[in-house]
Amino acid sequence: MNKTHQLFLLFLGLLLSAGCLSGCIKDDLSDCPINVDPDPDPDPDPDPDPTTGTLRLALTYTMHNTQEDDGTYVDLFSQQVRKVDVFVFDEAGHFVQQITEEAAPKFAENYTKEIELPGGNYQFVVWGNHYEDETDHNYDDEADLLNEGRMTLTQTARTTEIEMLTDSLFHGCTPQQVTVVNGEDQVVPIDLMKNRNDVRVVVRWREKGMTEGYCTRPEHAQGITATLIDNNTTHDFLNNIVDKQEVIYQPGRFPDWYNPYFHGEMEVYPTEQEHVYVADFSELRLMKDNADARLVIRNSEGTTVYDRALTGPNGLITLLEEYQTQEALDREDRYLIELLFECEHEDEPDEPDGPGTDEPDDPGTDEPDGPGTDPTPVPEDPWSAITITVNGWNLVEKPVEL
């Protein structure tokens, strides 16, 4: 090949190269080569799939009788609950964990308890104001399943005579299982119920034949003692009364600031009147059909003079139309029971005769009592109340004899 031919080929190559370069600088870049990485690196830090979900229990207390102007019930949770214990159970009903939180010093309005759990189905039970010096549960030792749970007054471990309670126990639960979804956040409402009832028993007397006023002799009030008998000291975790054991709630006295809650504003409260008997009690939940809940009054000799059911078919409370449903009983946490009994007083004895006016009996005229003639004490007849008033509602048990 001669030199001229070689120069021609070189010139032709330069022309072809120039054509390729001109194609890459056009607006249409489709002719340009694309640099493709044959093996791109994967995302070095991918987000892992969530393994838990968040549940917010919105706790309220509206199961009472305090209403707003529009008729809705006021949420009193932050005013009356100072501690919550949440018990978590899995789909099979097994106890998972207990979560406790105390207010400092009170829970916020619209309080929610946040719980993080692995995805699954759960049931939640909430106890409010559960303190170990007054109530005790059995998930620390023997219980595992939801239906085995018990909440019991600690006093029953040592006695059947129950002194005044210091705290108001609350209960609430989810009515069915709740599904927790991993990565999701949900709110579940739980409205609590107060399991404590405050009962004040006020007893007065009126002289037989009188239609108004009260007897002011203090010996009546000084000669009796009232107690409440019930079997409601143990509840399961769905708030049913179980393991029934009869106990005696002993009388005490609420503080003076509590008087207006029972009586309204008064110049002189019954607690300040010596001729009026007043006994205060705090006991657990009253059940509509429980005829074993009773008010018992004994005289100074220990004889029962009044024994009347509080609930059940003939209960002092449940005979009233206002308290013939369980919801009505659960909404009412304060009961004022006022009883009025008749009394009779013998006329004042005549003045004794002057000295020396009694003539002695002839000697030997007294006949000794025969064997077995000592008088036998006659038991006192049970009392019947003239009127019974419960929270201002009247029952007439015995008509007044005029």
Fill in the blank from the handout: Within the stretch 144-191, the count of residues that are in contact with a Lys or Arg (Cβ under 7 Å, 6 or more places away or on another chain) and either of a type in the set (Ser, Thr, Tyr) or in a loop (DSSP other than H, G, I, E, B) (or both) comes to 3
Fill in the blank from the handout: Here the residues within the stretch 138-152 that are farther than 17 Å from LEU165 by Cα and either in contact with an Asp or Glu (Cβ under 8 Å, 6 or more places away or on another chain) or in contact (Cβ under 8 Å) with a residue 24 or more places away in the chain (or both) are ASN138, TYR139, GLU142, ALA143, ASP144, LEU145, LEU146, ASN147, GLU148, GLY149, ARG150
Handout entry: Some residue of the stretch 260-269 being of a type outside the set (Gly, Ala, Ser), more than 16 Å from LEU329 (Cβ to Cβ) and touching a His at 6+ places or on another chain (Cβ under 9 Å)
Key = yes
Exercise for the section: Keeping to the stretch 79-91, report how many residues are out of contact with any helix residue (DSSP H, G or I) (no Cβ under 6 Å at 6 or more places or on another chain), in contact (Cβ under 8 Å) with a residue 40 or more places away in the chain and farther than 24 Å from THR62 by Cα. Expected result: 1
Handout entry: One residue from ASP198, ASP141, ASP136 being at pLDDT below 95, out of contact with any His (no Cβ under 6 Å at 6 or more places or on another chain), at negative phi and not in a helix (DSSP H, G or I)
Key = ASP141
Handout entry: Tally, over the stretch 167-220, of residues that are among the polar types (S, T, N, Q), closer than 22 Å to TYR306 by Cα and under 17 Å from the mean Cα position of the chain (by Cα)
Key = 1
Practice task
Tally the residues that are surrounded by fewer than 17 Cβ atoms within 10 Å (Cβ to Cβ) and without any contact (Cβ under 8 Å) to a residue 24 or more places away in the chain, restricting the search to the stretch 290-312.
Solution key: 2
Practice task
Please go through the stretch 52-83 and pick out each residue that is surrounded by 17 or more Cβ atoms within 10 Å (Cβ to Cβ), within 14 Å of the chain's Cα centre (by Cα) and among the charged types (D, E, K, R).
Solution key: ARG82
Completion exercise
Checked against (1) out of contact with any helix residue (DSSP H, G or I) (no Cβ under 6 Å at 6 or more places or on another chain); (2) buried (at least 17 other Cβ atoms within 10 Å of the Cβ); (3) not hydrophobic (A, V, I, L, M, F, W, C), ASN110 satisfies every condition except (2)
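How about the stretch 234-257: which of its residues are more than 13 Å from MET151 (Cα to Cα) and in contact (Cβ under 8 Å) with a residue 12 or more places away in the chain?
GLN245, GLU246, VAL247, ILE248, TYR249, GLN250, PRO251, GLY252, ARG253, PHE254, ASP256
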Exercise for the section: Examine the stretch 168-177 for a residue that is more than 21 Å from ARG331 (Cβ to Cβ) and surrounded by fewer than 16 Cβ atoms within 10 Å (Cβ to Cβ), and state whether such a residue exists. Expected result: yes
Problem - Within the stretch 144-157, tally of residues that are at pLDDT 95 or above, over 18 Å from the mean Cα position of the chain (by Cα) and loosely packed, with under 14 Cβ neighbours inside 10 Å - result: 2
Practice task
Sort out which residues of the stretch 313-335 are polar (S, T, N, Q) and either in contact (Cβ under 8 Å) with a residue 60 or more places away in the chain or buried (at least 20 other Cβ atoms within 10 Å of the Cβ) (or both), and write them in order of number.
Solution key: THR318
Handout entry: strands (runs of 3 or more DSSP E) wholly inside the stretch 70-127 that include at least 3 residues being closer than 18 Å to PRO175 by Cβ
Key = 83-89
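Yes/no per residue for (1) crowded, with 16+ Cβ neighbours inside 10 Å; (2) within 24 Å of the chain's Cα centre (by Cα); (3) in the same structural domain as TRP205 (by TED's automatic domain parsing):
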{"site": "THR225", "(1), (2), (3)": "no, no, yes"}
{"site": "HIS235", "(1), (2), (3)": "yes, yes, yes"}
{"site": "ASN239", "(1), (2), (3)": "yes, yes, yes"}
{"site": "GLU246", "(1), (2), (3)": "no, yes, yes"}
{"site": "TYR249", "(1), (2), (3)": "yes, yes, yes"}
{"site": "PRO255", "(1), (2), (3)": "no, yes, yes"}
{"site": "ASN259", "(1), (2), (3)": "yes, yes, yes"}
{"site": "VAL268", "(1), (2), (3)": "no, no, yes"}
{"site": "ASP280", "(1), (2), (3)": "yes, yes, yes"}
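The values are calculated or read from the model by the stated rules, or taken from the named source; none is laboratory data. Worth saying up front: this structure is predicted, and the values here are computed from it rather than measured. Every residue, glycine among them, receives a Cβ derived from its backbone with ideal geometry; neighbour counts consider all protein chains shown.
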